[in-house]
1. When you look at A:S63, is it more than 14 Å from chain B (Cβ to nearest Cβ), polar (S, T, N, Q), on the phi < 0 side of the Ramachandran plot and in contact with a Phe, Trp or Tyr (Cβ under 7 Å, 6 or more places away or on another chain), yes or no?
2. Inspect all residues belonging to the stretch A:119-140 and state whether any of them is within 25 Å of A:T64 (Cα to Cα) and not assigned by TED's automatic domain parsing to the domain that holds A:L498.
3. Restricting to the stretch A:165-215, name every residue that is small (G, A, S) and at pLDDT below 95.
4. Which one is farthest from B:T174 (Cα to Cα), of the residues in the stretch B:362-382 that are in a loop (DSSP other than H, G, I, E, B) and open to solvent by less than 40 Å² (accessible area, probe 1.4 Å)?
5. Taking A:N20 and the conditions (1) free of Cβ contacts under 8 Å to residues at least 24 places away in the same chain; (2) within 14 Å of chain B (Cβ to nearest Cβ); (3) under 28 Å from the mean Cα position of the chain (by Cα), which numbered condition does it fall short on, given that it satisfies the others?
6. So which residues in the stretch B:222-242 are more than 14 Å from chain A (Cβ to nearest Cβ), open to solvent by 40 Å² or more (accessible area, probe 1.4 Å) and not hydrophobic (A, V, I, L, M, F, W, C), if there are any at all?
7. Does B:A51 satisfy the criteria of being open to solvent by less than 50 Å² (accessible area, probe 1.4 Å), assigned to a helix (DSSP H, G or I), within 14 Å of chain A (Cβ to nearest Cβ) and of a type outside the set (V, I, T)?
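The values are calculated or read from the model by the stated rules, or taken from the named source; none is laboratory data. Just so you know, these numbers come straight off a predicted model, no measurement behind them. Quick reminder, even Gly has a Cβ in these numbers, built from the backbone with ideal geometry, and neighbours come from all protein chains shown. Ligands, DNA and RNA are excluded from the accessible area calculation, which covers all protein heavy atoms including side chains. Shrake-Rupley method; radii C 1.70, N 1.55, O 1.52, S 1.80 Å.
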There are 2 protein chains.
Amino acid sequence: MSRTDSSSSETLKRFRELTNRVKQYEELLGVVYWDMRTGAPRKGIALRSEAVGALSSEMFKLSTSNEMGELLTRLTQPDEHDRLDEINRRLVKETHKEYERNRKLPPELYREYVVLTSQAESAWEEAKENNDFPGFVGYLERIIDFNRKFIELWGVKATPYDTLLDLYEPGITTAELDRLFGELRTRLVPLAESIAKSNDQPDTSFLTGTFDKEAQKKFSRFILHEMGYDFDAGRLDESVHPFATGLSPGDVRITTRYLANDLTSALFGTIHEGGHALYEQNIMPELAGTPLAGGTSMGIHESQSRLWENMIGRSRGFWQRYLPDLQALFPGQLVNVKPEDFYRGINVVKPQLIRIEADELTYNLHIMIRYEIEKMLFNEGLSPRDLPEVWNRKYTEVLGVTPANDAEGVLQDVHWSGGSFGYFPSYSLGNMYSAQMMHVAKQRLPKLDEQVAAGELQPLKQWLTEQVYQYGKMLEPKEIIEKISGQPLQSSYLCDYLEDKYKDIYRLE
Amino acid sequence: MSRTDSSSSETLKRFRELTNRVKQYEELLGVVYWDMRTGAPRKGIALRSEAVGALSSEMFKLSTSNEMGELLTRLTQPDEHDRLDEINRRLVKETHKEYERNRKLPPELYREYVVLTSQAESAWEEAKENNDFPGFVGYLERIIDFNRKFIELWGVKATPYDTLLDLYEPGITTAELDRLFGELRTRLVPLAESIAKSNDQPDTSFLTGTFDKEAQKKFSRFILHEMGYDFDAGRLDESVHPFATGLSPGDVRITTRYLANDLTSALFGTIHEGGHALYEQNIMPELAGTPLAGGTSMGIHESQSRLWENMIGRSRGFWQRYLPDLQALFPGQLVNVKPEDFYRGINVVKPQLIRIEADELTYNLHIMIRYEIEKMLFNEGLSPRDLPEVWNRKYTEVLGVTPANDAEGVLQDVHWSGGSFGYFPSYSLGNMYSAQMMHVAKQRLPKLDEQVAAGELQPLKQWLTEQVYQYGKMLEPKEIIEKISGQPLQSSYLCDYLEDKYKDIYRLE
């Protein structure tokens, strides 16, 4: 080790060590969380949660340490900062933001919160299984109380809920979301109404029946291969709530769930999580092991899952190519189905109770309901005990369907058990981002439709890698969408896309 | 929080915090190791190994910190020590021993070693698959060099190898092992020779064929249930090298491997690992979360796996009860097999190449070979590059079989890739411990044979829980065997047991 290193490169070296250490702990915790969700034994959960809390707390201490503060102070001074390369600049900026945020939380409070949410996820699973909201609401109350405290400590933005939104989509506000959701409502509700009145409803009879789980698994794996998912850098498992987790670009895991009586659940769930996974697997190698090796925001992340799930996986061309493969696995149910009928069947619009099984159009209404409820919880003091009532009322009002029980109502999503308030809007942001991106992709790849219809999915994956995936957190969400499309996020691309698609399917006008 | 705590209880509290923290990190690392062995994606291994190294190194720092040293100094002073309850005394003693040992290792050296062994295990898997010893020997050389350094730092006991032996079986020496293996050889080699000459060889034809993997899995799960393995506190998976890992008493996992052409591999592998697991699942709850929640030595641990695998799983009574269940799953192969023939078939003695598939009798010879080779590596400067030659020569000399390649020779075991030199003798120690324990068990449970033949395995599990499992590390191996049998470890019980069993099976004399 030479002693000619200048003090500035020593600062940078130590800073990189510290941030990489934090990332390493995050990776290990990621394995443990994955394990908890894919079959960790019930009786080990309590102690495991304590251990997770201990390491999270250590990670938190590192990222908020005085040493980290001093390093950041030095590295943000103009003379030091000018000498940094692009990656290190971005790393300093991201770390600084996290540091400022986390320094405002007392470590003990944070540790308790991690233990609580770690236990709450198992409690939610049980509550959902047993339709037992009262058995879960105590966790929820405590999680919400913690979040209210966090908001106070971080500082209230325009509204308390704005403070949470910023965690998942930097810069987004309730004001902007109110506007975007308003525009979606203005154009999509009439569309949904026309669809409901259409006399040309798709046949969906072939989508229900009994579908062998092993055959479903086989097709899920096949489609992931086709998308370019790298099984040497990931694996496919099962869990109650499907998810993707990027532990490192070399280990990006997917889960799905196979329902015996529903072909589409695992099918589109897998493609959705596969989209998340393509993002994380294709981050540039230079970022691996650093905190920049991850998606830049939840909205951009969801844009990729939903682009692959809906704009590819539910497209006409995709099933021209892949229906024969699916038919070969399920000859009994699908033998006489034509690609066009299959395409129409999987795109049926039908208001129903479960978000993750919703169609592309009404999905945004599921999100709107959650968005409104979260605003009520944090901006209007809604009590968690009143959630089932509010939930059921809104579903009845907005979607015209009423949950028969909490398992298919307020207990359906994992997010709140993990404390992810402010996350849900990301799904609709993702829909809007993806439509805006695909609008450009079709200009840049003029043969895209034909390629998809021929099972050539790699040109699109390659284009998305160049435009989005490779950057990890090197670019902000706003930078990404403006770089691709030359303008900020709009709702119009999504509305145009949905109108075109559904007017065709339902033969409207 | 009251301020009336005396300073001594503050010391204890902090000591417990620190030791529990170390145990928590160990538990998290245990999950990650389990994951690496049961299907973690190949491309994530390099970065994962770095992360494992980072946390192991943090764990190491905590357990060797000056604070830990000061706490131990205070807690070992007579006035403080007298006030401790039994659990805390034992905790102080165990921690002190670890502290003394670990303080002698430079943290950076240790970190490098953890990263190395973490990578080496994947390298070994690949090398074994590709029969590529040269591709692995570089790892092995470095691991051995590290161990030689460790021995120097810890201090050479009677011989350098003695220093390693003490890690796994406190107090054992090459002198004692030379004596014990000598006695085993004196009585078992003539026995094996008589068996080879017997004209009454068991029929084993029904054990080969094609055995459906799902049916094998089903039977493995069934037998674990019968043994009293708690699936709410564990899970059964597959891995190249079967193992059991006790992450906490509420999460004790087993792996096995299913061979399509060999019924016995998964069957006895599962029972073996199940024995390890019963030990860890039944440690008294008061020890959970502390470093005392684990087996007291590798020899005692192996005594339980081998007791269940051989003395129960390969007993006559066991198959009187369970053969019909096995036949129901494999009617084609087993329909006409009688319990007595099955019993004789699974106990066939046949020198062969693979340790984990060896019979009960020659198994000890496999261990003896490894013991002798490890002594050569550390006491006689054997070069790792010469291992295949030495290995093949010894197998030819001792067992009369010669590996056709390194995959079925020197590459067959995972242990060395993880740096576990000095571990192998534990298996034969386990055999000796188990025979000595079963000698007593049959006196204490006079109906044991009938119970096993009726599928009543819980009285034995209960007795072993009382005598062994519950204590975790509260008792030393020597204390356990003396408390049970009133005397130190003897080789004679194992020899008596094997002579009785095999003279009967082979109808000798």
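1. yes
2. Yes: the stretch A:119-140 contains one or more residues that are within 25 Å of A:T64 (Cα to Cα) and not assigned by TED's automatic domain parsing to the domain that holds A:L498.
3. Once the filter is applied, which keeps residues that are small (G, A, S) and at pLDDT below 95, the stretch A:165-215 yields A:G171, A:G182, A:A192, A:S194, A:A196, A:S198, A:S205, A:G209.
4. Among them, the one singled out is B:T362.
5. The single condition A:N20 does not satisfy is (1).
6. If the condition is that a residue be more than 14 Å from chain A (Cβ to nearest Cβ), open to solvent by 40 Å² or more (accessible area, probe 1.4 Å) and not hydrophobic (A, V, I, L, M, F, W, C), then B:H225, B:E226 are the ones that fit.
7. It is true that B:A51 is open to solvent by less than 50 Å² (accessible area, probe 1.4 Å), assigned to a helix (DSSP H, G or I), within 14 Å of chain A (Cβ to nearest Cβ) and of a type outside the set (V, I, T).
Conditions (1) in a loop (DSSP other than H, G, I, E, B); (2) farther than 22 Å from B:V22 by Cβ; (3) away from every other protein chain (no Cβ under 14 Å), marked per residue:
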site	(1), (2), (3)
B:Y279	no, no, yes
B:I283	yes, no, no
B:G289	yes, no, no
B:G295	yes, no, yes
B:H301	no, no, yes
B:L307	no, yes, yes
B:W319	no, yes, yes
B:Y322	no, yes, yes
